[in-house]
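*Asks:* I'd like to ask some things about the structure below.
The values are calculated or read from the model by the stated rules, or taken from the named source; none is laboratory data. Here the structure is a predicted model, which is why all the values come from computation and not from measurement. Note: ideal-geometry Cβ built from the backbone for every residue, glycine included; neighbour counts use all protein chains shown. Protein only, heavy atoms only, side chains kept; ligands, DNA and RNA dropped before computing areas. Shrake-Rupley method; radii C 1.70, N 1.55, O 1.52, S 1.80 Å.
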Amino acid sequence: MGRNYADHARELNNELPTEPVLFMKPKNALLQNNHPFYYPDFTDNLHYECELVLRICKNGKHIQEKFADKYYDAVSVGIDFTARDLQDKQKSKGLPWEIAKSFDNSAVVGKFMPIASQPDKKDINFCLYKNKEIVQQGNTRDLIFSFDFLVSYISRFFTLNIGDLVFTGTPAGVGPVEIGDSLEAFIENDSLLEFMVK
């Protein structure tokens with residue numbers, strides 16, 4: 001999901017969406033188990049974007065929003081790495097920007113926890129630390145499009161399959177990473193993701 005927090009849309013000078021902004025990452029984009037992330041050689045301006053990630057637990061197509069919560073069972077934090085220089089170049093030409101978003105290891109995902117462990121999925125705090133300093137904070141109450149709406153909307157276009165991951169959007173505070181940076185992400189007080197940029 002792109003532009004699902006108003007403050008983030010504004011920080012990138014984007015209009016607020018009236019419908020979800022979707023893009024996809026292939027399976028080779030996935031990086032898990034706190035493995036290091038290697039800075040790609042095709043960008044000079046790589047940005048972190050911390051997001052809550054839903055894990056799909058049931059196959060579905062044309063899912064009604066009122067039933068959408070039956071189709072995901074766990075949540076984690078992830079990083080949607082973005083080659084901002086490539087993205088800006090592609091956008092300026094009106095071209096797709098998969099090369100900026102969907103490259104190998106660009107979707108870093110932490111340990112999942114049951115969604116049922118969250119007392120209120122409309123009030124989940126999450127944050128990202130870079131080199132032990134907080135750089136992003138978000139809460140699901142600020143989502144433009146809720147978890148259930150997103151799952152329903154996505155399923156209109158793409159069949160959801162068990163194991164699919166839905167990145168739900170990033171709050172304000174995105175920024176660059178450099179080789180040697182350490183990143184750690186939390187849901188509430190639980191550290192679910194920690195890795196190095198090499």
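*Asks:* Considering only the stretch 160-188, state which residues are of a type in the set (A, V, I, L, M) and open to solvent by 50 Å² or more (accessible area, probe 1.4 Å).
*Replies:* To start, the set of residues in the stretch 160-188 that are of a type in the set (A, V, I, L, M) comprises 160, 162, 165-166, 172, 174, 177, 179, 183, 185, 187.
Within the stretch 160-188, ILE162, LEU165, ILE179 qualify.
*Asks:* Something else: Considering only the stretch 37-83, how many residues are open to solvent by 40 Å² or more (accessible area, probe 1.4 Å) and within 20 Å of VAL174 (Cα to Cα)?
*Replies:* The total comes to 5.
*Asks:* Which is without any contact (Cβ under 8 Å) to a residue 12 or more places away in the chain and among the acidic types (Asp, Glu), of ASP41, ASP69?
*Replies:* Values: ASP69 fails: without any contact (Cβ under 8 Å) to a residue 12 or more places away in the chain.
Matching residue, one of ASP41, ASP69: ASP41.
*Asks:* Another question about this same structure. What's the total number of residues in the stretch 189-198 that are over 25 Å from LYS122 (Cβ atoms) and open to solvent by less than 40 Å² (accessible area, probe 1.4 Å)?
*Replies:* Taking the stretch 189-198 as the starting set, the residues that turn out to be over 25 Å from LYS122 (Cβ atoms) are 194-198.
Now narrow it down to the ones that are open to solvent by less than 40 Å² (accessible area, probe 1.4 Å): 195, 197.
Within the stretch 189-198, residues that are over 25 Å from LYS122 (Cβ atoms) and open to solvent by less than 40 Å² (accessible area, probe 1.4 Å) number 2.
*Asks:* Oh, and also: Looking at the structure I just gave you, is ALA185 under 30 Å from TYR38 (Cβ atoms) and modelled with pLDDT under 95?
*Replies:* no
*Asks:* Can you give me the number of residues within the stretch 84-93 that are open to solvent by 50 Å² or more (accessible area, probe 1.4 Å) and among the polar types (S, T, N, Q)?
*Replies:* Total satisfying the criteria: 1.
Condition check ((1) open to solvent by 70 Å² or more (accessible area, probe 1.4 Å); (2) at pLDDT 95 or above; (3) charged (D, E, K, R); (4) assigned to a loop (DSSP other than H, G, I, E, B)) across all residues:
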{"position": "ASN105", "(1), (2), (3), (4)": "no, yes, no, yes"}
{"position": "LYS111", "(1), (2), (3), (4)": "yes, yes, yes, yes"}
{"position": "PRO119", "(1), (2), (3), (4)": "yes, no, no, yes"}
{"position": "CYS127", "(1), (2), (3), (4)": "no, yes, no, no"}
{"position": "ILE134", "(1), (2), (3), (4)": "yes, yes, no, no"}
{"position": "GLY138", "(1), (2), (3), (4)": "no, yes, no, no"}
{"position": "PHE145", "(1), (2), (3), (4)": "no, yes, no, yes"}
{"position": "ASP148", "(1), (2), (3), (4)": "no, yes, yes, no"}
